[in-house]
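Below is one structure, written out as structure tokens; comments come after it.
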Amino acid sequence: MRIGLLGTGPWAEMAYAPALSAHGELDLAGVWGRRPEAAKALADRHGGLPVYEDVDTLFADVDAVAVALPPSVQAPLAVRAARAGCHLLLDKPLATDVAQARAVVEEVGRAGVASVVFFTARFQTAIEAWITEQADTGGWFTGRAEWLGALFDGDSDSPFAASPWRREKGALWDVGPHALSVLLPVLGDVAEVFAARGAKDTVHLVLSHTGGASSTVTLSLSAPPAASGATAEFRGRAGTSVLPSSDEGGAVPALVRAGDALLAAARGGRPHPCGAAFGLRVTEVLAAAEEQLTH
């Protein structure tokens, strides 16, 4: 499958380009970026890939696209790519606007293309196996997820610390999708959400799930480094189950598996559980929380 890469920033450089280049069944066929000079630099670092100045020309030349762009840029381009018949490997969040996310889902359906949204934990082998096991176990009374980063700590040297969309949207939209990607497959869809602000960009959510359980979520990109980390747990008839750690080499191996998932969805014609429809649902839940926080 010939796949094009949209985006030239740190996430494209650190994760997407290496994963797509290393994948045995994906042919990274070209790069497009909003800054042509950055696209050329990225392409040169990965074997002199073709650089496309016109994104629609790239869509016409490939079978699929991978998108490493801010969500407000990603969603409209995903619609255009699907309309051109390209399968979609997208990043979370699918969008920060419900209408934009819904437009992606509708175009994916009309075009009959496959879609996978890269929720990192869902493509880490040990964590995905744990999620599946907890979903099969059932009987959960409550759940908890905490995704705490130190991205906005003054001493952070992360290349994402200056990301404009992260600065604007904060932890709710950056790490909130990770938490929901773990909770929803186990506890069921969200029936109701309550949201409250904490220190800086910290957000607390209380979720009622359609399966009868409830859960709490704490999200922050402003935690002290010593307090940062991610965890989740479920409590119910089976006792307590805690999210396992993942030491599988970071995002690149997980993205390779996301590529596997896209290939399988494209070949089999069956939507992936982390497809655009799930990305839309995550956007809807986070948008409902955001609306509460702004009123």
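Here are the numbers for this structure:
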| quantity | calculated |
| --- | --- |
| Qualifying residue in the stretch 234-254 (condition: aromatic (Phe, Trp, Tyr) and assigned to a helix (DSSP H, G or I)) | no |
| Residues of the stretch 148-171 classified as in a helix (DSSP H, G or I) and either open to solvent by 10 Å² or more (accessible area, probe 1.4 Å) or at pLDDT below 95 (or both), total | 6 |
| Search result, residues across the stretch 12-28 that are touching a residue at least 60 places away in the same chain (Cβ under 8 Å) and under 23 Å from residue 70 (Cβ atoms) | 14, 15, 16, 18, 19, 20 |
| Within the stretch 244-270, considering residues that are open to solvent by 50 Å² or more (accessible area, probe 1.4 Å) and at pLDDT 95 or above, the one farthest from the chain's Cα centre (by Cα) | 267 |
| Residue tally, condition in a helix (DSSP H, G or I) and closer than 17 Å to residue 295 by Cα, over the stretch 172-202 | 1 |
| Matching helices (runs of 4 or more DSSP H) fully within the stretch 15-89 where at least 1 residues are touching a Ser or Thr at 6+ places or on another chain (Cβ under 8 Å) and open to solvent by 30 Å² or more (accessible area, probe 1.4 Å) | 36-45, 71-83 |
| The stretch 173-199: number of residues that are closer than 21 Å to residue 277 by Cβ, open to solvent by less than 50 Å² (accessible area, probe 1.4 Å) and not polar (S, T, N, Q) | 15 |
| Residue 97 vs. criteria over 19 Å from residue 219 (Cα atoms), open to solvent by 10 Å² or more (accessible area, probe 1.4 Å) and modelled with pLDDT under 95 | no |
| Count of residues meeting criterion [surrounded by 15 or more Cβ atoms within 10 Å (Cβ to Cβ) and outside any strand (DSSP E or B)] in the stretch 212-233 | 5 |
| Matching residues in the stretch 101-111 - criterion: being in contact (Cβ under 8 Å) with a residue 40 or more places away in the chain and surrounded by fewer than 20 Cβ atoms within 10 Å (Cβ to Cβ) | 102 |
| One residue from 129, 135, 145 being within 28 Å of residue 209 (Cβ to Cβ) and exposed (fewer than 15 other Cβ atoms within 10 Å of the Cβ) | 129 |
| Residue 229 being free of Cβ contacts under 8 Å to residues at least 40 places away in the same chain and within 20 Å of residue 123 (Cα to Cα) | no |
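Table: residues versus (1) modelled with pLDDT under 95; (2) not small (Gly, Ala, Ser).
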site	(1), (2)
33	no, no
47	yes, no
51	no, yes
60	no, no
68	no, no
71	no, yes
75	no, no
78	no, no
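The values are calculated or read from the model by the stated rules, or taken from the named source; none is laboratory data. Note that this is a predicted model, so its numbers are computed, not measured. In this analysis, Cβ positions are derived from the backbone assuming ideal geometry, glycine residues included, and neighbour counts consider all displayed protein chains. Accessible surface is based on the protein model in full, side chains and every heavy atom, while ligands, DNA and RNA are left aside. Shrake-Rupley method; radii C 1.70, N 1.55, O 1.52, S 1.80 Å.
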